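The values are calculated or read from the model by the stated rules, or taken from the named source; none is laboratory data. Everything quoted here is computed from the prediction, not taken from an experiment. When we count neighbours, we look across all protein chains shown, and the Cβ atoms used for this are built from the backbone with ideal geometry, even at glycine.
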Amino acid sequence: MIGLWCTLALAAEREQTLVWDVTSQGTNLGTRTLVVRYLEGEAGTNRVLEAFTDLNGQVGSMKIRWRQRMTAYVPAHEPASFHSVIDTNGTPIEVQGRWTQSNWVVTTVANGKPRTVELPSTKIDLSTADLLDPDSRFPLSHLSTARILSAETGEVLTGPMTSTGAKELTIAGQPVPVTTYLWTSPQGGFEFSYSSDGFLVRQVSQLLGVTIEAQLRQPPPGGIDDFPVQVGRPAIEVMEL
């Protein structure tokens, strides 16, 4: 435990916060907030992702009350392992995904009953947690078919991935160049637009049978290379057990 607290203390100043506004058919549903913390490790830069989504609104005849809290740990050069808790109109579900060199261990808890499955690592390309990671080593540009583990349901969804190329989105009155990818899954069409530094600027997805759009409220920050270089030996904080 002491080693973990020391590592977190070294990285406390290296973080970025992003907020997306979530809408559907012109109706504001809520927000998604993401905090990305960067941790320096022996193999490279690790990340901790903390995301919270809070949606509450009416789209046509559909009442949407949906919340998700997700924490993911992303080692350098590896996909994210995550813990996700979702509440849909008062019904909770919990999804955990843990990656190892040989397999994925996915545990879903619904109606108080846990279910764990092990899948070969070759059967999953990335998870929806990786889609939020600006420093991900698993970009969509490398995939013609994507097998994505859902941190929202625990399912693995497979479908073709295509790029529509570069374009500009206007975020808070500023043009932001993005590259957009279209993914067709069994749940419907998804769209992901990323900045050149790997930040998810806009996402179109399916939720409870409704198409929703999440767009950054402010232009994305600079990438990890834009952090100021720390000079001198960092302080180490030791906490009592």
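Among the residues of the range 72-92, write down those that are in contact (Cβ under 8 Å) with a residue 40 or more places away in the chain and among the β-branched types (Val, Ile, Thr).
VAL74, ILE86, THR88
Just one of THR162, THR88, THR184, THR179 is surrounded by 12 or more Cβ atoms within 10 Å (Cβ to Cβ), touching a Phe, Trp or Tyr at 6+ places or on another chain (Cβ under 9 Å) and under 27 Å from PRO221 (Cβ atoms); which is it?
Details: THR162 fails: under 27 Å from PRO221 (Cβ atoms); THR88 fails: under 27 Å from PRO221 (Cβ atoms); THR184 fails: under 27 Å from PRO221 (Cβ atoms).
Only one candidate passes the filter, namely THR179.
May I ask you to verify whether ALA76 is of a type in the set (A, V, I, L, M), in a loop (DSSP other than H, G, I, E, B) and either more than 14 Å from the chain's Cα centre (by Cα) or on the phi < 0 side of the Ramachandran plot (or both)? Quick ask: steps written out before the conclusion?
Details: of a type in the set (A, V, I, L, M): yes; in a loop (DSSP other than H, G, I, E, B): yes; either more than 14 Å from the chain's Cα centre (by Cα) or on the phi < 0 side of the Ramachandran plot (or both): yes.
So ALA76 fits the description; yes.
Among the residues of the range 24-43, write down those that are at pLDDT 95 or above, hydrophobic (A, V, I, L, M, F, W, C) and within 30 Å of ARG14 (Cβ to Cβ).
Scanning the range 24-43 gives LEU34, VAL35, VAL36.
Could you list, in sequence order, all residues of the range 80-124 that are assigned to a loop (DSSP other than H, G, I, E, B), modelled with pLDDT under 95 and either within 26 Å of TYR38 (Cα to Cα) or touching an Asp or Glu at 6+ places or on another chain (Cβ under 9 Å) (or both)?
Those that are assigned to a loop (DSSP other than H, G, I, E, B), modelled with pLDDT under 95 and either within 26 Å of TYR38 (Cα to Cα) or touching an Asp or Glu at 6+ places or on another chain (Cβ under 9 Å) (or both): THR100, GLN101, SER102.
Just checking, does the range 206-216 include any residue being at pLDDT 95 or above and touching a Pro at 6+ places or on another chain (Cβ under 8 Å)?
Looking through the range 206-216, none of the residues is at pLDDT 95 or above and touching a Pro at 6+ places or on another chain (Cβ under 8 Å).
Looking at the range 96-104, is at least one residue among the β-branched types (Val, Ile, Thr) and closer than 30 Å to THR27 by Cβ? Working first, answer last.
First, the residues of the range 96-104 that are among the β-branched types (Val, Ile, Thr): 100.
Then drop every residue that is not closer than 30 Å to THR27 by Cβ, which leaves none.
Looking for residues that are among the β-branched types (Val, Ile, Thr) and closer than 30 Å to THR27 by Cβ, one finds none in the range 96-104, hence no.
Would it be correct to say that PRO79 is surrounded by 15 or more Cβ atoms within 10 Å (Cβ to Cβ) and not β-branched (Val, Ile, Thr)?
So PRO79 fits the description; yes.
Output the number of the condition that GLY154 fails; it satisfies all remaining conditions of (1) assigned to a strand (DSSP E or B); (2) of a type outside the set (D, E, K, R); (3) at positive phi.
(1)
Being surrounded by 14 or more Cβ atoms within 10 Å (Cβ to Cβ) and not aromatic (Phe, Trp, Tyr) is the filter here; which residues of the range 20-34 pass it?
ASP21, VAL22, THR23, SER24, THR27, LEU29, GLY30, THR31, ARG32, THR33, LEU34 - these are the residues of the range 20-34 that are surrounded by 14 or more Cβ atoms within 10 Å (Cβ to Cβ) and not aromatic (Phe, Trp, Tyr).
Taking into account only those residues within the range 41-71 that are under 20 Å from PRO114 (Cα atoms) and in contact (Cβ under 8 Å) with a residue 40 or more places away in the chain, which is surrounded by the most Cβ atoms within 10 Å (Cβ to Cβ)?
Ranking the candidates gives MET70 first.
Read through the list (1) without any contact (Cβ under 8 Å) to a residue 12 or more places away in the chain; (2) hydroxyl-bearing (Ser, Thr, Tyr); (3) in contact with a Ser or Thr (Cβ under 7 Å, 6 or more places away or on another chain), then give the number of the only condition that THR170 fails.
(3)
Would you say THR180 is modelled with pLDDT of 95 or more, under 17 Å from the mean Cα position of the chain (by Cα) and part of a strand (DSSP E or B)?
yes
List, please: which pairs have Cβ atoms under 8 Å, are six or more places apart or on different chains, and start with a residue in the range 112-128 that is surrounded by 11 or more Cβ atoms within 10 Å (Cβ to Cβ) and end with one that is among the charged types (D, E, K, R)?
From residues that are surrounded by 11 or more Cβ atoms within 10 Å (Cβ to Cβ), the pairs are LYS123/ARG147; ILE124/ARG147; ASP125/ARG147; THR128/GLU152.
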